[in-house]
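Structure first, then comments.
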There are 2 protein chains.
Amino acid sequence: VTSNAPIGIFDSGIGGLTVFSAIKKRLPNESLVYLGDTARVPYGTKSAETVVRYSRENAAFLEEKGVKAIVVACNTASAVALDDLRQRCRVPVLGVVEPGVRAALAASQAKRIGVIGTRATIASDAYGSMLCELHSDARVVSVACPLFVPLVEEGWLTGEIVEEITKRYCAEFEYARVDTLILGCTHYPLLKDAIAKVIGPNVTLVDSGEAAAVALKFLIDDEGIASTGTVADDRLFVTDVPGQFESVARRFLGGMMPTAKRVSLGS
Amino acid sequence: VTSNAPIGIFDSGIGGLTVFSAIKKRLPNESLVYLGDTARVPYGTKSAETVVRYSRENAAFLEEKGVKAIVVACNTASAVALDDLRQRCRVPVLGVVEPGVRAALAASQAKRIGVIGTRATIASDAYGSMLCELHSDARVVSVACPLFVPLVEEGWLTGEIVEEITKRYCAEFEYARVDTLILGCTHYPLLKDAIAKVIGPNVTLVDSGEAAAVALKFLIDDEGIASTGTVADDRLFVTDVPGQFESVARRFLGGMMPTAKRVSLGS
């Protein structure tokens with residue numbers, strides 16, 4: 001592995017582009033290879049066994065591209081496939097769950113922490129169990145928010161509908177008096193303003209993807225594999241090209257849009 | 001093919017259970033074999049080529065079960081794979097699009113017809129093009145409603161949030177003065193009351209799955225393959241068992257819940 005090798009990122013779809021963006025911002029000199037498994041999105045509704053199999057294929061694809069590290073941007077895959085990938089891959093593998101958990105514990109004074117995510121992420125209790133593992137007194141309230149992903153994909157990021165839905169999902173956090181809320185889904189950073197407006201200024205919002213970007217910078221510095229180049233060459237791969245792909249991807253990337261190449265995975 | 005052979009139904013997931021229910025109601029003596037491709041749901045975000053491939057595998061599975069006819073409950077698959085399946089299958093194949101279109105044309109006086117569906121169904125213009133093909137003066141207004149599926153899966157079928165979302169999606173139908181609205185997605189019948197409340201009593205709602213059940217009855221009578229038995233034996237197959245499966249399936253089936261068996265498809 002050379003330090004000028006790219007960093008690999010994979011996600012079940014295009015939501016992970018928010019993680020891509022966060023990494024881009026923190027590590028502008030690193031070349032990124034992004035793989036969105038759009039043909040098989042979403043992972044959240046699939047069994048752990050299936051998600052592990054898909055994750056192995058994604059990681060193998062990235063290793064073939066010669067990456068020096070792999071970021072699992074997908075919360076579901078981070079929750080169920082990380083240990084397996086770490087055993088199989090020759091390069092360091094980083095998920096989004098642990099960085100999100102550590103950032104939340106650092107931000108929270110009362111250690112009363114809320115978690116939002118897809119139904120699958122919440123059902124897996126990946127955040128909850130790691131929060132309690134790392135801080136045994138932590139009080140965790142988790143709420144699945146299945147309407148948030150389609151809201152983001154619709155581009156309905158402000159206004160009455162988003163607010164009413166957010167109020168409904170976040171009501172529990174007020175009762176539980178959490179002081180920190182983990183955005184445990186790659187799509188949610190686009191709803192950060194709407195969520196902040198509903199939940200108020202006393203709750204710190206922690207973006208797991210953002211936290212993973214920070215953790216990645218530490219990892220790369222620790223391992224001494226930071227890029228010595230100054231020009232990054234990013235590549236974007238998807239396993240299928242859905243109709244709304246470009247417009248949604250552009251929203252995730254804040255306007256920028258590298259060309260995406262379609263590839264086949266699995267048998 | 002014997003007349004006591006079962007009828008096969010496939011869908012990309014569990015939404016097609018509304019079609020299963022509609023057929024059950026019209027043809028209580030027929031045995032049904034339902035295949036929900038839950039491992040690969042949704043089809044709507046996938047390319048036509050991929051949807052055709054999955055549909056072939058689903059139809060082959062049903063033919064192996066000895067079905068006498070196949071109903072494609074999935075709107076996406078009905079839109080892109082029906083011709084291909086009709087060429088390949090030894091038994092009659094019925095989609096939901098054409099029955100929905102014919103029912104809407106029969107119901108509409110002004111021939112001003114609205115269509116709602118997933119983003120993929122609307123982008124395919126399957127309903128619009130067939131409406132215009134069968135009635136050249138038809139005026140069609142199509143609106144994609146990506147939030148409706150997660151609303152149904154959340155069980156948020158009444159109340160302010162559903163109403164606000166429905167108002168937003170249905171605003172165009174008022175301007176266009178449609179007198180008939182096609183529910184072009186298997187999930188939408190569960191929102192029928194909410195949609196009726198917003199759109200008012202002057203618009204007739206046409207449920208494509210319901211229309212397909214009526215068309216199936218005609219087909220079976222025409223071909224002389226109606227069951228002579230009186231006890232139906234229904235079987236339910238899925239390609240993966242997602243977390244919320246039972247509770248959502250029960251909602252689609254109005255409380256009843258046959259045991260689902262998991263099967264593997266594809267290579």
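The values are calculated or read from the model by the stated rules, or taken from the named source; none is laboratory data. Please read all numbers here as calculations on a predicted model, not as lab measurements. Note that we place each Cβ from the backbone using ideal geometry, even for glycine, and neighbour counts take in every protein chain shown. Note: areas computed on protein heavy atoms with side chains; ligands, DNA, RNA excluded. Shrake-Rupley method; radii C 1.70, N 1.55, O 1.52, S 1.80 Å.
For the residue pair residue A:233 and residue B:53, what label-to-label distance in nm results when each label sits 7 Å from Cα along the Cα-to-beta-carbon direction? So the label points at residue A:233 and residue B:53 sit 2.9 nm apart. Taking amide H atoms as placed 1.01 Å from N in the peptide plane, the amide H of residue B:115 lies under 5 Å from those of B:141, B:142, B:143, B:182, each 5 or more residues away in sequence or on another chain. Between residue A:64 and residue B:241, the FRET efficiency estimated from the beta carbon spacing at R0 = 30 angstrom works out to 0.40. Gap in Å between the Cα centre of segment B:129-164 and the Cα centre of segment B:1-80? Between the Cα centre of segment B:1-80 and that of segment B:129-164, the gap is 22 Å. Normalised radius of gyration (Cα atoms, divided by 2.2 N^0.38 Å) for the protein assembly as shown: 1.01.
Heavy-atom accessible area for residue A:261, with the other protein chains in place and a 1.4 Å probe, reaches approximately 130 Å². Label-to-label distances for residue A:158 across copies, nearest first, come out at 3.5 nm, using points 7 Å from Cα in the beta-carbon direction. Working note: 222 nm ellipticity from helices only, DSSP H runs with n ≥ 4, each -39,500 (n - 2.57), summed and divided by the residues of chain B, gives -13500 deg cm²/dmol to the nearest 500.
Annotation: amide H-H contacts under 5 Å for residue B:236 (H modelled 1.01 Å from N, sequence separation of 5 or more, or interchain): B:34, B:261. When peptides A:58-69, A:32-43 are ranked by their average number of other Cβ atoms within 10 Å per residue, the highest-first order is A:32-43, A:58-69. Bridgeable lysines around residue B:46 (alpha carbons under 26 Å apart, same-chain partners fewer than 8 residues away excluded): A:46, A:65, A:261, B:261. Here the Karplus relation 6.51 cos²θ - 1.76 cosθ + 1.60, evaluated at θ = phi - 60°, turns the backbone of segment B:2-14 into coupling constants of 9, 5, 8, 5, x, 9, x, 9, 10, 8, 5, x, 9 Hz, with x for every Gly and Pro.
May I ask you to derive the FRET efficiency for residue A:264 and residue B:125 from their Cβ-Cβ distance with R0 = 45 Å, giving the value to the nearest 0.05?
About 0.95, to the nearest 0.05.
Counting Lys and Arg as +1 and Asp and Glu as -1 over every other residue whose Cβ lies under 10 Å from the Cβ of residue A:47, the net charge comes to +1. In this assembly of identical copies, the label point of residue A:83 (Cα plus 7 Å along Cα-to-Cβ) is separated from its counterparts by 5.1 nm, sorted shortest first. What's the buried accessible area, both sides, between B and A using a 1.4 Å probe, rounded to 100 Å²? In total, this chain pair buries about 2600 Å².
Shown for chain A: the carbon plus sulfur share of the solvent-accessible area, taken with all protein chains present and a 1.4 angstrom probe, equals 48%. In segment A:187-238, a dipole from Cβ-located charges (positive for Lys and Arg, negative for Asp and Glu) runs towards its positive end, and of A:194, A:208, A:238 it is A:194 whose Cα lies farthest in that direction. Within the listed set A:213, A:77, A:226, the residue fluctuating most in the Gaussian network model of chain A (springs between alpha-carbon atoms under 10 angstrom) is A:226.
Relative contact order of segment B:104-253: 25 percent, from C-alpha pairs under 8 Å at least 6 residues apart in sequence.
Rolling a 1.4 angstrom probe over the protein heavy atoms with all chains in place gives segment A:1-64 an accessible area of 31 Å² per residue. Under a model in which nothing but the beta-carbon of Lys, Arg (+1) and Asp, Glu (-1) is charged, chain A shows a dipole of about 160 debye around its Cα centre. Dipole magnitude for the protein assembly as shown: about 240 debye, using +1 per Lys or Arg Cβ and -1 per Asp or Glu Cβ, origin at the Cα centre.
For the pair residue A:134 and residue A:223, a Förster radius of 30 Å applied to the C-beta separation gives a FRET efficiency near 0.85, rounded to the nearest 0.05. Among the listed pairs A:111/A:192; B:24/B:197; A:25/A:197, those whose Cα-Cα separation exceeds 23 Å are B:24/B:197; A:25/A:197.
Placing unit charges on the Cβ atoms of the charged side chains and taking the dipole of segment B:1-62 about its Cα centre, the candidate lying farthest along the positive direction among B:43, B:22, B:59 is B:22. Remark: segment A:1-138 carries a charge dipole of roughly 260 debye about the Cα centre, counting +1 on each Lys and Arg Cβ and -1 on each Asp and Glu Cβ.
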